[in-house]
Amino acid sequence: MCKRNSLIGKRFYLFPYYFTLFSFLFVFFSFLFLQNLTIKAENLINLNQATLKELESLPGIGPVTAKKILELRERKGGFKSVDELLEVPGIGPKKLEALKPYLTLEEKSISPDQNQVNYPNPKKKIFKYIDEKGVVHYTQFPEMVPFKYRHTLKEVH
């Protein structure tokens, strides 16, 4: 009996540690999952150049609706507005509002200067601050200076 009670006691003793570990893992993986759900400008689908598979990847759009969108695009010679999707049977105002964050009509332009290094804009303001050891730090981002050093923050001319 004595060993059994001590074993149960150890389990309850470790409960806060397991709970903290599982809570941390849950928050961590939830954050990673939400990071993947964010819509980035480079992931937008150009409505005038989208393929059938790209249209099917949109929420609430199946193969039949995707074909109808492509047919309407061919008939019109391209879309001038995302709101023209209301003419597609099966797409109403609610579905259109859900689709708008994923769609664009602009083309992605690739500039020839992409291989060049972009240096900071020389017209940007530069700030300096001094920490408790007397070390001077320079930055272009005054909002990133720790609060305890903001009283020493000054613009460099």
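Worth a mention:
- At an R0 of 41 angstrom, the distance between the Cβ atoms of A98 and V27 translates into a FRET efficiency of 0.90.
- Spin-label model, E87/Y17: points 7 Å from Cα along the beta carbon direction are separated by 6.7 nm.
- Residues of region 77-101 with amide N under 16 Å of the 7 Å Cα→Cβ point at I45: 79, 82-92, 95-101
A short reminder: the numbers here are calculations on the coordinates, not readings from a lab. If you're wondering where the values come from, they're calculated on a predicted model, not measured in any experiment. Because the Cβ atoms are built from the backbone with ideal geometry, glycine has one as well, and the counts that use them run over all protein chains shown.
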